[in-house]
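S.K.: One structure follows; several queries about it will come next.
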2 protein chains.
Amino acid sequence: MNYPSKLIEDAVEEISKLPGIGKKTALRLALHLLKREEQQTSQLAEVLVNLRTQTRYCRQCHTIADEDLCQICANPRRDSQLICVVEDTRDVLAVENTAQFRGMYHVLGGLINPLEGVGPADLQVESLLDRVADPKNEIREVILALSPTMQGDTTSFYLTKRLRQYPIKITTIARGIPIGGDLEYADEITLGRSIIGRVTYE
Amino acid sequence: MNYPSKLIEDAVEEISKLPGIGKKTALRLALHLLKREEQQTSQLAEVLVNLRTQTRYCRQCHTIADEDLCQICANPRRDSQLICVVEDTRDVLAVENTAQFRGMYHVLGGLINPLEGVGPADLQVESLLDRVADPKNEIREVILALSPTMQGDTTSFYLTKRLRQYPIKITTIARGIPIGGDLEYADEITLGRSIIGRVTYE
């Protein structure tokens, strides 16, 4: 497509790098911004840069946080002996929205995926083991809430093997959510039920 | 939804102001940017601000342009006696992509829409009449290429009434494109044919 202006072309180029946004949608968004007030664009640009430069990760559970410790880890009313292991921050939000879980989280930052060269060392596995091993934490249960895909199952299997040495209960969320699906798209009821009906790894 | 961080919340808020992007997609985009290099985000922010602050409009046809005069108006090989009237810059791109039109454009910047309070005075109508009236331009034909919707037809009707006083041919693109549809979504072949098969307003 020929664009009438280099500015439009540059904008379309950058916007269409975002996942799920093609050139036509990018052009629509760019022209939308041109019709709106200048302030809206500058605000959008500002929050994106702030997000990227100022975002921190909780030193305990590695979820995205404003402070050194996230709101969940810093909350004394949460059950600190229960850890829910998830792939990323989106999954923390998904589980939080079920209102069925009052424990803590641990964000792995991905799943084991040999094809893409992601091994346990690339994930927050050692810090999870440290949390479980520390007697001060008195962890009594680790819930593995990973997507029921090849990578998720591999990661669950690996974590179970590593965690078995500790005197804790290891559970996984009930497979009420469709096999092959993505955790974040499960509806809140199904995901909530699957936490209540979690099963113990034998 | 409860966000773990104010930065994420702000970003989701701003991104979801864009048309066709909800909170869930906005969150996906924000987390995508967090995973990519910082430079990608700063570049995206920069082109958006540049787009909004530096974009200019061609002084003759009012399409988006880098210079005072757009590339089409500045091109001496285009047929300057033929003006294609369109709603906005997206439609210029759509017609250009058919490669069936070698004349000039005139961007109205909208359509007459009494329900939303848009009247002829809000559009580039007078500047179109000035272009047609100027004997130096030797305009011989005006093609009305507006979407075949209520607003488009109203605008075409209004423009025809105003243009009839000049010794020019007034045509409209053939209604090969579906009635009620949006011009920018027409495929290139259909849109190209509709320019070739344009019919004279009697």
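S.K.: Between A:THR190 and A:GLU141, what FRET efficiency follows from the Cβ-Cβ distance if R0 is 22 Å, with the result rounded to 0.05?
M.R.: Working: r = 21 Å, r/R0 = 0.97.
So the FRET efficiency works out to roughly 0.55.
S.K.: Same structure, new question: Starting from the 7 Å offset along Cα-to-Cβ, what nm value, one decimal, do you get for the label separation of A:ASP130 and B:LYS24?
M.R.: Here the answer is 3.6 nm between the modelled labels.
S.K.: Set the Förster distance to 56 Å, then compute FRET efficiency between B:GLN40 and B:GLU116 from the Cβ-Cβ distance, nearest 0.05. Let's see the in-between values first.
M.R.: Details: r = 37 Å, r/R0 = 0.67.
Plugging the Cβ-Cβ distance into 1/(1 + (r/R0)^6) gives 0.90.
S.K.: Give the average, rounded to an integer, of partner chain Cβ atoms located within 10 angstrom of each Cβ in A:55-66.
M.R.: Working: counts 8, 2, 2, 2, 0, 0, 1, 0, 2, 8, 5, 7.
Across the residues of A:55-66, the mean count of other-chain Cβ atoms within 10 Å is 3.
S.K.: Of all the residues in chain A, which one has the C-beta that comes nearest the axis relating A to B, and what is the distance in Å?
M.R.: Nearest Cβ to the rotation axis, residue and whole-Å distance: A:ALA45, 2.
S.K.: So which lysines can A:LYS169 reach, going by Cα to Cα under 28 Å and dropping same-chain residues fewer than 8 places off?
M.R.: Cα-Cα hits under 28 Å: A:LYS136, A:LYS161.
S.K.: Now a separate question. Need one number: nm distance between label points at B:ASP182 and A:THR200, each 7 Å from Cα along Cα→Cβ, rounded to one decimal.
M.R.: 5.7 nm
S.K.: Another question, then. Once you average over the residues of B:8-17, how many Cβ atoms of partner chains fall within 10 Å of each Cβ? Let's see the in-between values first.
M.R.: Numbers: counts 8, 3, 6, 9, 2, 3, 9, 6, 0, 6.
Whole-number average of other-chain Cβ neighbours for B:8-17 is 5.
S.K.: While we're on this one: What's the angle, to the nearest 10 degrees (0 to 90), between helix B:6-15's Cα axis and the longest principal axis of chain B?
M.R.: 10 degrees
S.K.: Ordered by packing density, taken as the mean number of other Cβ atoms within 10 Å over each peptide's residues, highest first, how do B:73-83, B:140-150 rank?
M.R.: Descending mean neighbour count gives B:140-150, B:73-83.
S.K.: Next up: If only Cα atoms are counted, what is the Rg of the stretch A:77-200, and what is its Dmax, in Å?
M.R.: Values for the stretch A:77-200 (Cα only, Rg and Dmax): 13.5, 41 Å.
S.K.: Please report the projected area of the protein assembly as shown's Cα convex hull averaged over all directions, in nm².
M.R.: Orientation-averaged projected area of the Cα hull: 24.1 nm².
S.K.: Considering every pair of different Cα atoms, what Kirkwood radius, in Å, is found for the stretch B:26-109? All intermediate terms of the calculation are to be shown ahead of the outcome.
M.R.: Values: mean 1/r = 0.0667 Å⁻¹.
Radius from the Kirkwood sum: 15.0 Å.
S.K.: Set the Förster distance to 30 Å, then compute FRET efficiency between A:ALA174 and A:ARG59 from the Cβ-Cβ distance, nearest 0.05. Provide the component values of the computation, followed by the final result.
M.R.: Values: r = 31 Å, r/R0 = 1.03.
The calculated FRET efficiency here is 0.45.
S.K.: Under the Karplus relation 6.51 cos²θ - 1.76 cosθ + 1.60, θ = phi - 60°, what is the ordered set of whole-Hz ³J(HN,Hα) values for the stretch B:37-50, x standing for Gly and Pro?
M.R.: Result, rounded to whole Hz: 5, 4, 4, 5, 5, 5, 5, 4, 4, 5, 5, 5, 5, 4.
S.K.: Tell me, rounded to the nearest percent, the portion of alpha carbon pairs in the stretch B:8-155 spaced more than 23 Å apart. Could you put the intermediate results ahead of the total?
M.R.: On the way: 5589 of 10878 pairs.
The proportion of pairs with Cα distances above 23 Å equals 51 percent.
S.K.: Another one. For the stretch B:4-43 and the stretch A:48-76, what is the separation of their C-alpha centers, rounded to whole Å?
M.R.: Cα centroid to Cα centroid, the span is 16 Å.
S.K.: In nanometres, what is the gap between the two model label sites at B:ARG162 and A:MET150, each 7 Å from Cα along Cα-to-Cβ?
M.R.: 6.2 nm
S.K.: Any lysines with Cα under 20 Å of the B:LYS23 Cα? List them, leaving off those in the same chain fewer than 8 positions away.
M.R.: A:LYS17, B:LYS6, B:LYS35
S.K.: To continue, here is another question. Before rounding to the nearest 500, sum -39500 (n - 2.57) across all DSSP H runs of length at least 4 in chain B and divide by the residue total; then give [θ] at 222 nm in deg cm²/dmol. Display every interim value, and only then the final one.
M.R.: Numbers: 8 runs with 83 residues, N = 202.
Value at 222 nm, helices only, nearest 500: -12000 deg cm²/dmol.
S.K.: Please name which of B:TYR158, B:ILE139, B:ILE195 has its Cα lying farthest along the dipole of the stretch B:75-200 towards the positive end, using unit charges on Cβ (Lys, Arg +1; Asp, Glu -1) and the Cα centre as origin.
M.R.: Result: B:ILE139, furthest along the dipole toward the positive end.
S.K.: Using the reciprocal of the averaged 1/r over all distinct C-alpha pairs, how large is the Kirkwood radius of the stretch B:6-54 in Å? Walk me through the numbers on the way to the answer.
M.R.: Working: mean 1/r = 0.0874 Å⁻¹.
One over the average 1/r among Cα pairs gives 11.4 Å for the stretch B:6-54.
The numbers here are math on the coordinates, done by the rules we state, and not lab data. Remember, predicted model here, so these are calculated numbers, not experimental data. FYI the Cβ positions are ideal-geometry reconstructions off the backbone, even for glycines, and counts take in every protein chain you see.
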